[in-house]
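The values are calculated or read from the model by the stated rules, or taken from the named source; none is laboratory data. Keep in mind it's a predicted model, so treat the numbers as computed, not measured. Note: ideal-geometry Cβ built from the backbone for every residue, glycine included; neighbour counts use all protein chains shown.
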Amino acid sequence: MNDATKTPEDRAHPFPHSDEDADRARHIPDTPQTRAPAYQLAFTDRDFLLREELRPVRLQLELLKPQMLLDEAGVESTVVMFGGARIPSPENAAVARTPTLARLSAYYEEARLFAQEMTRRSLETGGREFVITTGGGPGVMEAGNLGAHEAGGKSIGLGIVLPHEQAPNVYVTPELCFNFHYFAIRKMHFLMRARAITIFPGGFGTLDETFEALTLIQTGRMARVPFLMFGREFWEGIINWKGLAEAGTISEEDLGLFRYVETAEEAVEIIDGWPKPA
């Protein structure tokens, strides 16, 4: 029972629920005073909530809403899957925009298989641990949510409002499908419950998420978790990790913050062997 459905006797205070007053405020005499924007209840006044000065409140709401719903769903830990929205499924590889994208479709399949295996482990915990989490879009994200769906478990989608039309992929668990305005808050939710982070081939967004998470771990702002990068050849062609270490801009030890894997089986084995958090 959530607070909106509680009776006055069930609540910890004697005051009317905000829903009740919102309803009462819609059934009042029509006068110049009641039509004035100033008279609207603040929490039902859309124009007021979208004012520039209310950004701190909107940030808080965007942090709170997924947090509360994930708590209510019993989600305690997640397995994060970052990767390109443009990676095609194997059956669509023939129409990929480049030959490289067509070859990368193999990682769509590995993402799907990986999500299946991790979801089976999640089901052993009653769906509380190792819940697959993606950005909710197409490509690798779709593969992750699809794998969880095929295994009979739930998965999370953390979407973001973009200029072009979009919708979550159809495999995200509906009650765990979120939409964000603030990239920063979305990033927090990706990592707040993460027990493992997996990186599949991708573009700017994937690179952004990769370096954000690595920086948090490198600086000790986030606990060390399995950080697995699918596709050594792809990533070593994109990022000269050793060059960073040789230049001294990162430490040689920082190269141990992540590991390369090629298959779902390799990734699952590493996660299974990782020491459990205290």
Counting only residues in region 43-60 that are within 27 Å of Met188 (Cβ to Cβ) and exposed (fewer than 10 other Cβ atoms within 10 Å of the Cβ), the one nearest to the chain's Cα centre (by Cα) is identified as Pro56
Matching residues in region 167-187 (closer than 20 Å to Ala143 by Cβ and surrounded by fewer than 15 Cβ atoms within 10 Å (Cβ to Cβ)) number 3
Do we find that Glu110 is assigned to a loop (DSSP other than H, G, I, E, B) and modelled with pLDDT of 95 or more in this structure?
-> no
Per the filter on region 193-214, residues of a type in the set (Gly, Ala, Ser) and touching a strand residue (DSSP E or B) at 6+ places or on another chain (Cβ under 7 Å) are Ala194, Ala196, Gly202, Ala213
Gly159 meets each of (1) surrounded by fewer than 21 Cβ atoms within 10 Å (Cβ to Cβ); (2) touching a Phe, Trp or Tyr at 6+ places or on another chain (Cβ under 8 Å); (3) in a helix (DSSP H, G or I) with one exception, condition (3)
Original post:
Does Thr119 satisfy the condition of being among the hydroxyl-bearing types (Ser, Thr, Tyr) and outside any helix (DSSP H, G or I)?
Top reply: no
Is it the case that Leu104 is in contact with a Phe, Trp or Tyr (Cβ under 9 Å, 6 or more places away or on another chain), surrounded by fewer than 17 Cβ atoms within 10 Å (Cβ to Cβ), assigned by TED's automatic domain parsing to the domain that holds Val225 and of a type in the set (A, V, I, L, M, F, W, C)? no
When every residue in region 210-233 that is out of contact with any helix residue (DSSP H, G or I) (no Cβ under 7 Å at 6 or more places or on another chain) and crowded, with 17+ Cβ neighbours inside 10 Å is compared, the one farthest from Asp272 (Cα to Cα) is Thr210
Only one of (1) touching a residue at least 40 places away in the same chain (Cβ under 8 Å); (2) loosely packed, with under 13 Cβ neighbours inside 10 Å does not apply to Ala247, and that is (1)
Any residue at all in region 18-25 that's surrounded by 13 or more Cβ atoms within 10 Å (Cβ to Cβ) and outside any helix (DSSP H, G or I)? no
Checking Arg221, Arg195, Arg259 in turn, the sole residue that is in contact with a Phe, Trp or Tyr (Cβ under 9 Å, 6 or more places away or on another chain), of a type in the set (Lys, Arg) and free of Cβ contacts under 8 Å to residues at least 40 places away in the same chain turns out to be Arg259
The condition from (1) in the same structural domain as Leu214 (by TED's automatic domain parsing); (2) over 17 Å from Gly203 (Cβ atoms); (3) over 15 Å from the mean Cα position of the chain (by Cα); (4) assigned to a loop (DSSP other than H, G, I, E, B) that Glu76 misses is numbered (3)
Exercise for the section: Report yes if some residue within region 83-106 is among the hydrophobic types (A, V, I, L, M, F, W, C), part of a helix (DSSP H, G or I) and closer than 21 Å to Pro174 by Cβ; otherwise report no. Expected result: no
For region 171-186, the count of residues that are out of contact with any His (no Cβ under 9 Å at 6 or more places or on another chain), within 18 Å of Asp71 (Cβ to Cβ) and polar (S, T, N, Q) equals 0
